[in-house]
Amino acid sequence: MFIDRVTLDLIAGKGGNGVVAWRREKFIPKGGPSGGNGGKGGSITFEATPHEFSLEYYRNRRILKAENGRAGGHNKQQGRNGQDLILPIPCGTVVKDAATGEILKDFTQEGEKWIACRGGRGGRGNDSFKTPTNRAPNTWTPGSEGEVRQVELELKLIADVGLIGFPNAGKSTLIAALTHVRVRIAPYPFTTLSPNLGYLQTEEYRRIFIADIPGIIEGAHRNKGLGFEFLRHIERTKLLIYVLDAAGIDGRDPIEDFKVLQHELETYNPELLERPFLVILNKIDEEQAKENIKKFKRKFKVPYLEISALTGAGIDKLRHKIEALT
């Protein structure tokens, strides 16, 4: 299951308490204080990793606690520090304050770390209170509480290539042909409800991350249909590929489809139209496709390729084009 938005309750560890203890050695008649300090509580840290592609790990983990610090001991023993809790998240995750919506951290690079909640400080044992005038202090302090915070994680995919188009344009078939991932494909109309992700392996052993964005419909910028649920995944895509149904199945017109797609992207975020893009005229194996392609070429002077994701026609040429543009 692809999860791209979760809300988490984070609780850092409490610091360990200081203790009151006394030296009891046989030949030290006046002894003295020997109570140690408590250990620090564990902190909670987010880390961006290339091994995660969604927030599915947190689907059933909504309350996350770091370990508490241990209390101090006799003979000035320092309590053990609580273990930090490292939370892996995919690159492109935005951490927000759940109450205010303020962006706390945006993870765009692999290996980035950010401490979301700091653990509490350890308490002081009575040995730390001794002075020349107070040689037998009977004082200690408790450890402080760790920070508590409720955050919302929102994933915006950082893909090299994003496939966008109307439902049933053949995007899922295309990503399956390019990356050999298993996706749901059927001969009847339906739309993908979550992005399909895969890697295109080049001859130079370079991997190109491709995301099949769920189908766009007119009015998506107003959150109609899946709306913002998929449009935000396009924001960080380096190369946009418009997948159009050149055969006009289900009464579609590739010219109108291309106009609507560009209008939806421009209305949502005008900067998206400045990204490098490529138009794919899919389903050329259908008889009606030839006439529609001629009309499209007369109407638009844009970079395009003619393919059939079903039969594999033009797929190799598309692979080389993607390599050159990314």
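The values are calculated or read from the model by the stated rules, or taken from the named source; none is laboratory data. No experiment lies behind these values; they were computed from the predicted model shown. Using ideal geometry, Cβ is built from the backbone for each residue, glycine included, and neighbour counts are taken over all protein chains shown. These area figures cover heavy atoms from the full protein model, side chains too; ligands, DNA and RNA do not enter into them. Shrake-Rupley method; radii C 1.70, N 1.55, O 1.52, S 1.80 Å.
At a glance:
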quantity	calculated
Matching residues, the range 104-139, being open to solvent by 30 Å² or more (accessible area, probe 1.4 Å), hydrophobic (A, V, I, L, M, F, W, C) and within 20 Å of Leu64 (Cβ to Cβ)	Leu104, Trp114, Ile115
In the range 140-149, the residues that are crowded, with 20+ Cβ neighbours inside 10 Å and under 21 Å from the mean Cα position of the chain (by Cα)	none
Close pairs from the range 262-277: first acidic (Asp, Glu), partner in a loop (DSSP other than H, G, I, E, B) and open to solvent by less than 70 Å² (accessible area, probe 1.4 Å), Cβ under 9 Å, at least 6 apart	Glu264/Ile216; Glu264/Ile217; Glu264/Gly219; Glu271/Glu235
Matching residues, the range 262-296, being in contact with a strand residue (DSSP E or B) (Cβ under 9 Å, 6 or more places away or on another chain) and either assigned to a loop (DSSP other than H, G, I, E, B) or farther than 29 Å from Glu323 by Cβ (or both)	Arg275, Pro276, Lys283, Ile284, Asp285, Glu286
Residues satisfying the stated conditions in the range 276-291, i.e. of a type outside the set (A, V, I, L, M, F, W, C) and either in contact with a Phe, Trp or Tyr (Cβ under 9 Å, 6 or more places away or on another chain) or within 13 Å of Leu163 (Cα to Cα) (or both)	Pro276, Asn282
Residues of the range 196-213 satisfying the condition of being in a strand (DSSP E or B) and either open to solvent by less than 40 Å² (accessible area, probe 1.4 Å) or touching a residue at least 24 places away in the same chain (Cβ under 8 Å) (or both)	Asn196, Leu197, Gly198, Leu200, Ile208, Phe209, Ile210, Ala211, Asp212
Any chance Leu310 is in contact (Cβ under 8 Å) with a residue 60 or more places away in the chain, over 26 Å from Arg206 (Cβ atoms) and open to solvent by 70 Å² or more (accessible area, probe 1.4 Å)	yes
Matching residues in the range 234-261 - criterion: being assigned to a helix (DSSP H, G or I) and open to solvent by 50 Å² or more (accessible area, probe 1.4 Å)	Ile249, Asp250, Gly251, Glu256, Lys259
Count of the range 150-172 residues which are among the hydrophobic types (A, V, I, L, M, F, W, C) and either open to solvent by 10 Å² or more (accessible area, probe 1.4 Å) or without any contact (Cβ under 8 Å) to a residue 12 or more places away in the chain (or both)	2
